[in-house]
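The values are calculated or read from the model by the stated rules, or taken from the named source; none is laboratory data. What you are looking at is a predicted structure, and each value in this text was computed from that prediction instead of being measured. Cβ: placed from backbone, ideal geometry, glycine included. Neighbour counts: every protein chain shown. Heads up: the accessible areas ignore ligands, DNA and RNA and are worked out on the full protein's heavy atoms, side chains in. Shrake-Rupley method; radii C 1.70, N 1.55, O 1.52, S 1.80 Å.
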Amino acid sequence: MVPLKKIITIEEHFILKSISQRVAAFNIKENGGIAPNDPVQKELMSIGLPTNDDIEDIGERRIIFMNESGIDVQVLSYGPGSPQNITDKALAVELCQEANNELASSIKRHPTRFAGFAVLPVADPAAAAEELDRAVKELGFKGAMLSGTFNGCFFDEPEFLPVFAKALELDVPLYMHPGVIPKNIAAHYYESNNWPAVAGGMFASAGYGWHLDAGIAIIRLIASGIFDQLPGLKLISGHWGELVAFFLDRLDDQLSKTLKLDRKISDYYKSNIYVTPSGLFSNAQLKYVIDELGADKIIYSGDYPFLTYKNTRQFLETAPISQEAKEKIGYKNAEKLLRLE
Ligand code: CA
């Protein structure tokens, strides 16, 4: 085993308490939000969420974990309670700018250890594109993260095209992260009297549901023809591609023939999508994705602080793949895609 020169992980989260509190207050006022006393939500959060101290820290505490698990650089993005989905345009812009500014100043204190993805006020797509521009040019961010859906709409709706066009213009990727799925979908697919309510909540979210949803979001973007319009656009998909990378043949065989696209679904997928493990350190999945997409399309990620595996570096260094592939996945692809010095 040859030690890798560097490990860069790119799906790593933080929150800012003051912003998440304002987001929660807005959501409760607007639509009831997640009722603070809902026992199922409470139990789910106690199982799934890290302590606030871990997620709020963009400094020493996080760096201790990084040192223990062999991570040199984390690329950070806003976690739960993100201001992305605020439906009031002015408030969304204000909170996203504040979150991006705060992250930028934390990165400034540790410029060799952290980099950032912006959070965007998608309620106002033109403002979101402008904020992406500002975040990249003025704050030095490396792209942005889009989570789940917005107000019941997937991001393949034409109104969001300016955000993708801006990413292409700036030559930065957009990280398409899972988000909470609609209640009626969660109830239909994932709830049952055969298991506890909290299991239904987990099944609908991190247990399976939001991964399927995030994968469908990527297929929808491809099907919408976005890569015919913006052929150089680069997207990132976590959790080894949210199940899509494992289904490309079938998508080509069945769905491609009914779409009016220039190329097969797998062609777009293999040329425009990067996938990351999000802390799912499985050799079987790693090998499959290398076979299917090639090592050039895989970037490393740990999903800190939701997962805090100390073997982040060791998993890759000891994986049964070539040294060249390990170097690409461990840091070279991230340096190239995100233009990290
Ligand atoms: Ca995540």
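Summary of computed values
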item: Qualifying positions in the stretch 262-284 - away from the ligand (no atom under 16 Å from the Cβ), farther than 25 Å from V172 by Cβ and out of contact with any Asp or Glu (no Cβ under 9 Å at 6 or more places or on another chain); result: S282, N283, A284
item: Pair list, Cβ < 8 Å and 6+ apart or interchain, from the stretch 70-98 residues that are on the phi > 0 side of the Ramachandran plot and outside any helix (DSSP H, G or I) to residues that are among the aliphatic types (A, V, I, L, M) and within 13 Å of the ligand (Cβ to nearest atom); result: G81/I15
item: Criterion (acidic (D, E) and open to solvent by 40 Å² or more (accessible area, probe 1.4 Å)) met by exactly one of D213, D253; result: D253
item: Qualifying positions in the stretch 307-341 - small (G, A, S) and either open to solvent by 70 Å² or more (accessible area, probe 1.4 Å) or closer than 17 Å to P3 by Cβ (or both); result: A319, S322, A325, G330
item: Residue count for the stretch 144-161, restricted to those that are part of a helix (DSSP H, G or I) and open to solvent by 30 Å² or more (accessible area, probe 1.4 Å); result: 3
item: Hits in the stretch 84-96 (condition: farther than 26 Å from I8 by Cβ and more than 16 Å from the ligand (Cβ to nearest atom)); result: I86, T87, D88, K89, A90, L91, A92, V93, E94, L95
item: Residue within the stretch 152-173 that is at pLDDT below 95 and more than 16 Å from the ligand (Cβ to nearest atom) present; result: yes
item: Candidates N100, N85, N67 - the one that is among the polar types (S, T, N, Q) and open to solvent by 70 Å² or more (accessible area, probe 1.4 Å); result: N67
item: Unmet requirement for F141, which otherwise passes all of (1) under 23 Å from L91 (Cα atoms); (2) open to solvent by 30 Å² or more (accessible area, probe 1.4 Å); result: (2)
item: Hits in the stretch 99-140 (condition: charged (D, E, K, R) and in contact (Cβ under 8 Å) with a residue 40 or more places away in the chain); result: E102, R109, R113
item: Residue under evaluation P80, criteria (1) modelled with pLDDT under 95; (2) open to solvent by 40 Å² or more (accessible area, probe 1.4 Å); (3) more than 16 Å from the ligand (Cβ to nearest atom), criterion not met; result: (3)
item: Residue list for the stretch 43-53, restricted to those being of a type outside the set (V, I, T) and surrounded by fewer than 18 Cβ atoms within 10 Å (Cβ to Cβ); result: E43, M45, S46, G48, L49, P50, N52, D53
item: Helices (runs of 4 or more DSSP H) fully within the stretch 162-265 counting 2 or more residues that are free of Cβ contacts under 8 Å to residues at least 24 places away in the same chain; result: 183-190, 197-204
item: Residue that is buried (at least 16 other Cβ atoms within 10 Å of the Cβ), aliphatic (A, V, I, L, M) and closer than 26 Å to L307 by Cα, where the choices are I265, I226, I222, I218; result: I218
item: Hits in the stretch 110-141 (condition: within 25 Å of D57 (Cβ to Cβ), of a type in the set (A, V, I, L, M, F, W, C) and in a loop (DSSP other than H, G, I, E, B)); result: F117, L120, L139, F141
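The rows are residues; the columns are (1) crowded, with 19+ Cβ neighbours inside 10 Å; (2) over 23 Å from Q84 (Cβ atoms).
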| position | (1), (2) |
| --- | --- |
| P173 | yes, no |
| I185 | no, no |
| S192 | no, yes |
| G209 | yes, no |
